[in-house]
Amino acid sequence: MRFDVVTLFPEMFSALTRWGVTGRACEQGLSSVNLWNPRDYCSDPRKTVDDRAYGGGPGMVMMAKPLEDTISAVKTAHQVQHIVSGPICLLAPQGEVFSQKIATDILNYGNLTFICGRYEAVDQRFIDRNVDLQLSMGDFVVSGGELPAMTMMDAVIRLIPGALGDGESAVQDSFINGLLDYPHYTRPEIYENLSVPDVLLGGHHAKIADWRRQKSLELTLRLRPDLIKSARANGLLSKEDEQFLRTL
Ligand SMILES: C[S@@+](CC[C@H](N)C(=O)[O-])C[C@H]1O[C@@H](n2cnc3c(N)ncnc32)[C@H](O)[C@@H]1O
């Protein structure tokens, strides 16, 4: 999976490329993160990337031209490497809220270019001419697109076959099967008078699997009943699941 990221703060991405699961995936060549700073594509000596907003108001607006010149450089790099350019995605509070399903879609594109906004906004003409999709982290505003981009990239990289080491698995993660994950326990068996559920100590694999499925269903029904509805609509619930849900 190739990511190209247009950002005024490329150094921030070492948090993704150097550490943990995502750092290992980059090291192993399962994912690549190519960073593009619009300041490197400015024609003026002061490397101006922003200006005041027409109509007045606080804050600066990212100019269309440096961003568009950066995108041209990304596309040229793709051509040179015989890569068909994937979608161009702007991080924006106005975008579709990111989800596990979108993470899977992005993985299937093979490559994607993120545009990280900063300041008050990005010139609308750049968006109209270049952006294929807009993604949001949720209904709140952060100071730039870098953290949302890194979060989304992490979610995609986890899905690359081989990115998770032995003992780690995306298959049982929340949302993958449409439900929330079940509770987990580790040593000691008793902690502050709280014991690990007996079934997890018995070594009976089928019983453990049933308990985990039921806990997943129970938690999801209690915390996110909307997910139960969509799991049902998508045919992800078995007859046994439905029977169990009726007992709750
Ligand atoms: C300070 S914000 C601008 C917020 C904008 N004035 C608004 O109210 O919608 C600067 C940049 O951070 C990024 N950003 C902020 N919140 C975001 C969110 N919830 N999801 C994705 N990106 C976000 C966007 O790239 C945005 O252009």
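About its Cα centre, how strong a charge dipole does the chain have in debye, to the nearest 20, once Lys and Arg get +1 and Asp and Glu get -1 at the Cβ?
Taking the Cα centre of the chain as origin, the dipole is about 220 debye.
Within the range 151-248, list the GluC sites (Glu not before Pro) lying in a DSSP loop whose Cβ has at most 12 other Cβ atoms in a 10 Å radius. Present the calculation step by step, with values, prior to reporting the outcome.
Values: sites: GLU168, GLU189, GLU192, GLU218, GLU240, GLU242; in loops: GLU168, GLU189, GLU192.
Loop-located and lightly packed - GLU168, GLU189, GLU192.
Under 16 Å from the Cα of LYS47, which aspartates and glutamates turn up, not counting those fewer than eight places away in the same chain?
Excluding near neighbours in sequence, the set is GLU68, ASP69.
From largest to smallest, what semi-axes in whole angstrom does the range 190-246 give when each is the square root of 5 times an eigenvalue of its alpha carbon gyration tensor?
26, 15, 7
Considering only protein heavy atoms and a 1.4 Å probe, what is the carbon-and-sulfur percentage of the accessible area of the range 190-246?
On the way: 2180 of 4200 Å².
Heavy-atom surface of the range 190-246 belonging to carbon and sulfur, 1.4 Å probe: 52 percent.
Non-local amide H neighbours of GLY95 (under 5 Å, H modeled in plane, Pro and chain starts lacking H): which ones?
SER136
Percent relative contact order of the chain, based on C-alpha pairs within less than 8 angstrom and at least six residues apart?
Numbers: 338 pairs, mean separation 45.9, N = 248.
Relative contact order here is 19 percent.
Roughly how many percent of the accessible protein surface of the range 2-157 is carbon and sulfur, given a 1.4 Å probe and a whole-percent answer?
Ligands and nucleic acids excluded, carbon and sulfur reach 52 percent.
Mean-square fluctuation check for the chain, GNM, Cα pairs under 10 Å: which of VAL80, VAL171, VAL21 is largest?
Comparing VAL80, VAL171, VAL21 in a Gaussian network model of the chain, the most mobile one is VAL80.
What residue among PRO58, PRO148, PRO45 shows peak mean-square fluctuation when the chain is described by a Gaussian network model with Cα springs under 10 Å?
Comparing PRO58, PRO148, PRO45 in a Gaussian network model of the chain, the most mobile one is PRO45.
For the range 1-108, what is one quarter of the convex hull surface built on the Cα atoms, given in nm²?
9.0
Considering the chain as a Gaussian network with a 10 Å cut-off on Cα pairs, which listed residue, ALA206, ALA103, ALA121, attains the greatest mean-square fluctuation?
Judging by the Gaussian network model, the answer is ALA206.
Can you list the lysines whose alpha carbon is less than 23 Å from that of LYS229, not counting same-chain residues fewer than 8 positions off?
LYS101, LYS215, LYS239
In the range 26-130, what trypsin sites (Lys or Arg not before Pro) fall in a loop by DSSP, with at most 16 other Cβ atoms inside 10 Å? Walk me through the numbers before you get to the answer.
Numbers: sites: ARG39, ARG46, LYS47, ARG52, LYS75, LYS101, ARG118, ARG125, ARG129; in loops: ARG46, LYS47.
Counting only loop positions with at most 16 other Cβ atoms within 10 Å, the trypsin sites (Lys or Arg not before Pro) in the range 26-130 are ARG46, LYS47.
Just to be sure I understand the model, the point goes 7 Å from the Cα along the line to the Cβ. What's the resulting LEU245 to ARG18 distance in nm?
Once both label points are built, they end up 4.6 nm from each other.
Using the heavy atoms of the protein chains alone and a 1.4 angstrom probe, what is the accessible area of the range 2-157 per residue in square angstrom?
Value returned for the range 2-157: 53 Å² of accessible area per residue.
The values are calculated or read from the model by the stated rules, or taken from the named source; none is laboratory data. Only a predicted model underlies this, so the values are computations on that prediction, with no experimental measurement involved. Don't worry about glycine lacking a Cβ; one is built from the backbone with ideal geometry, like all the others, and counts go over all protein chains shown. Note: accessible area is taken over every heavy atom of the protein model, side chains too, but ligands, DNA and RNA are not part of it. Shrake-Rupley method; radii C 1.70, N 1.55, O 1.52, S 1.80 Å.
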